[in-house]
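Q: Take this structure, written in structure tokens, and hold onto it; I'll ask about it next.
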Amino acid sequence: MKVLSVASEVYPLVKTGGLADVAGALPLALERLGGDVRTLMPAYPSVLNGVGPVSPVAQFEDLMGGPATVLSAEAHGLKLLLLDAPHLYDRPGGPYVGLNGYDHPDNWARFAALGKAAAQIGLGAFEGWQPDIVHAHDWQAAMAPVYLAFSGRPRPRTVLTIHNLAFQGAFPHTILPELDLPESAWSLEGVEYYGSVGFLKGGLHAADMITTVSPTYAAEILTPHGGMGLDGLLRGRADRLVGIVNGVDVDTWNPATDTEIAANYTVGDIFKRAINKRALEDEFGFANESGPILAVVSRLTWQKGLDILVEAVEAIVAGGFRLIVVGSGDRLLEGEFLAASARHAGRVGVRIGYDEPLSHRVQAGADALLVPSRFEPCGLTQLYALRYGCLPVVSRVGGLADTVIDANVAALTASVATGVIFEPVTRDALVKALVRLRRLYEDEPLWRDIQIQAMRSDVSWALSARRYADLYNDLLKDESR
Ligand code: ADP
Ligand code: GLC
């Protein structure tokens with residue numbers, strides 16, 4: 001089966017969050033199941049520099065205002081199709097944001113182009129390789145199913161995965177003529193969205209199948225509270241929506257072989273984790289002591305609920321914990337965490353920025369990872385934490401609720417607990433969860449058992465990739481579409 005995966009970021013070539021991790025790992029897992037998966041992504045300058053030799057496989061004279069070439073390349077085991085359109089992607093800054101910190105003003109054109117090129121490949125533009133399935137990720141790729149649905153031609157089946165409903169790609173209706181869609185696309189069944197053009201909205205209507213990244217999030221987005229304005233549409237398509245929980249790349253994230261950490265370890269010699277804890281203490285200027293270290297590795301945004309952590313800092317320090325925060329985002333939150341670290345030098349350590357190797361050292365050395373998200377489609381950091389025996393303390397939402405087993409009495413009795421879950425997302429509930437965590441930590445053999453259970457959780461792609469493969473197969477069998 002030939003699958004075209006379409007994404008705006010792909011680890012390790014370009015990453016701003018979990019989407020890249022998934023777009024980089026799922027194709028490899030599907031290939032292991034026998035699929036032929038190619039990944040279409042924009043040829044940002046850093047991507048072109050990060051791959052070896054390229055060869056052109058398709059050409060567009062005019063793709064949203066300039067010429068474009070699809071370049072085939074291989075890197076990190078991935079079969080890539082790089083959309084080289086210098087007028088759209090050859091510029092400094094990140095994949096979405098310019099050097100001035102603002103969104104690129106033509107993001108609508110940059111990602112309409114991605115969808116359009118995907119659709120053209122779906123219709124046969126790459127001679128000798130026509131996909132059976134086009135699988136688009138998030139709003140940046142969501143126009144692929146739209147262009148295919150409105151092409152009026154026999155087309156591959158389409159899947160659209162929602163990684164985060166908060167980002168919808170809505171733009172002023174004035175861009176409509178530039179999109180080169182038939183008039184019928186300006187409708188409830190097309191891209192029209194409360195008078196704007198909605199890329200995600202259009203994709204959700206057009207795709208043959210919608211997936212999201214956990215079963216609980218799949219249920220949450222059907223409610224007005226979680227649906228972010230799209231719940232009505234999604235309820236109408238509920239028979240076409242499934243939640244499949246993400247896996248992680250268990251080679252990149254493996255405490256037994258991780259080259260970023262001071263000491264490798266397995267469940268068999270988990271005591272060696274202490275070496276990583278000590279290294280982390282040294283790195284953050286903490287004394288070597290026995291109390292637990294809590295950590296955060298995250299975008300600092302409202303979604304992640306970290307403002308309640310700011311409110312809890314005094315209680316955390318008073319409770320004998322130390323806290324490490326690695327992240328960037330909201331300037332106000334960055335400032336509040338920096339102020340907390342100044343107030344509590346040696347007990348609160350903060351690194352503002354994006355640092356992949358440090359994220360590994362934190363997972364290997366901290367005792368617990370905090371993820372107090374208000375909503376969380378899946379979440380990957382708690383999965384890395386499980387794998388590294390860094391116990392996750394998470395709110396009961398989305399994928400967090402689906403991947404962590406709370407250390408309640410029943411779970412402890414059955415020896416299946418892997419972390420601590422709390423609700424609601426408030427300072428008080430978080431502090432109470434930490435009191436519970438502290439009690440577990442004081443009981444050394446019990447803590448060790450929970451760590452081992454966490455490390456034994458299957459966070460690989462094996463099961464979930466199989467579910468995607470089944471879904472593709474079902475779509476191909478379904479003659480009605
Ligand atoms: P989201 O995609 O919503 O940001 P996820 O938990 O799915 O949340 O994925 C976040 C990814 O980004 C993880 O791989 C995490 O380790 C990484 N990450 C987030 N912030 C940082 C940071 N400051 N430094 C290094 N890695 C980070
Ligand atoms: C989004 C979500 C996150 C999820 C990731 C990968 O960024 O916020 O919860 O893990 O996508 O699917």
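Q: Could you give the angle, 0 to 90 degrees to the nearest 10, between helix 331-343's Cα long axis and the longest principal axis of the Cα atoms of the chain?
A: Relative to the chain, helix 331-343 is tipped by roughly 20 degrees.
Q: A further question follows. Excluding same-chain residues fewer than 8 positions from Lys2, which aspartates and glutamates have a Cα within less than 13 Å of its Cα?
A: Answer for Lys2, where 13 Å is the Cα cut-off: Glu31, Asp36, Asp132, listed by chain and number.
Q: On a 0 to 90 degree scale, rounded to 10, what angle separates helix 306-318 from the longest Cα axis of the chain?
A: The angle comes out near 10 degrees.
Q: Measuring with a 1.4 Å probe in the full set of protein chains, what accessible area per residue, in whole Å², belongs to the chain?
A: 39
Q: Nearest 10 degrees is fine. How inclined is helix 462-477 to the longest principal axis of the chain, computing both from alpha carbons?
A: The helix 462-477 is inclined about 20 degrees to the chain.
Q: Which of rounded, prolate, oblate describes segment 117-186, given a ≥ b ≥ c as roots of the alpha-carbon gyration tensor eigenvalues and a/c under 1.5 marking rounded, otherwise prolate only if a/b is larger than b/c?
A: Here segment 117-186 falls in the oblate category.
Q: So for segment 267-455, Kirkwood radius off the Cα pairs, Stokes-Einstein at 4 °C and 1.567 mPa s: how many µm² s⁻¹? All intermediate terms of the calculation are to be shown ahead of the outcome.
A: On the way: Rh = 16.2 Å.
Value of D from the Cα-based Kirkwood radius: 80 µm²/s.
Q: Rank these residues by their accessible area, most exposed first, probe 1.4 Å: Lys201, Lys477.
A: Lys477, Lys201
Q: Aspartates and glutamates near Lys432 by alpha-carbon distance under 15 Å, same-chain residues fewer than 8 away left out - which ones?
A: Glu311, Glu314, Asp406, Glu423
Q: Also: Run the helix sum for the chain: -39,500 (n - 2.57) per DSSP H stretch of 4+ residues, divided by residue count, reported at 222 nm to the nearest 500 deg cm²/dmol.
A: Counting only the DSSP helices, I get -11000 deg cm²/dmol.
Q: Moving on. When the Debye formula is applied to the Cα atoms of the chain, each taken as the same point scatterer, what base-10 log of I(q)/I(0) results at q = 0.08 Å⁻¹?
A: Result of the Debye calculation: -0.49.
Q: In addition: For Val317 and Ile452 in the same chain, what is the full-extension length gain: residue separation times 0.36 nm, less their Cα-Cα distance, in nm?
A: 45.9 nm
Q: Can you list residues from other chains, or at least 5 along the same chain, whose modelled amide H is less than 5 Å from the amide H of Ile324?
A: Leu294, Ala295, Val296, Gly349
Q: How do Thr212, Thr381, Thr413 stack up against each other in accessible area, from largest to smallest, with a 1.4 angstrom probe?
A: On the way: Thr212 0, Thr381 35, Thr413 110 Å².
These residues rank, largest area first, as Thr413, Thr381, Thr212.
Q: Please go through the residue pairs Lys79/Lys116; Lys116/Lys477; Lys201/Lys304 and name each one whose alpha carbons sit more than 22 Å apart in this structure.
A: Lys116/Lys477; Lys201/Lys304
Q: Lys277: which aspartates and glutamates have alpha carbons under 19 Å from its alpha carbon, excluding same-chain residues fewer than 8 sequence positions away?
A: Cross-link targets: Asp258, Glu260, Asp269, Glu289, Asp355, Glu356, Asp367, Glu442, Asp443, Glu444, Asp449.
Q: Can you send over the carbon and sulfur percentage of the accessible area for segment 243-362, probe radius 1.4 Å, protein chains only?
A: Exposed carbon and sulfur together represent 55 percent of the surface.
Q: Apply the Karplus parameterisation 6.51 cos²θ - 1.76 cosθ + 1.60, with θ equal to phi minus 60°, to every residue of segment 51-57 and state each ³J(HN,Hα) to the nearest whole Hz, in sequence, with x for glycine and proline.
A: 10, x, x, 10, 9, x, 10
The values are calculated or read from the model by the stated rules, or taken from the named source; none is laboratory data. Keep in mind the model is a prediction, meaning the values are calculated, not measured. Accessible surface areas use protein heavy atoms only, side chains included; no ligands, DNA or RNA. Shrake-Rupley method; radii C 1.70, N 1.55, O 1.52, S 1.80 Å.
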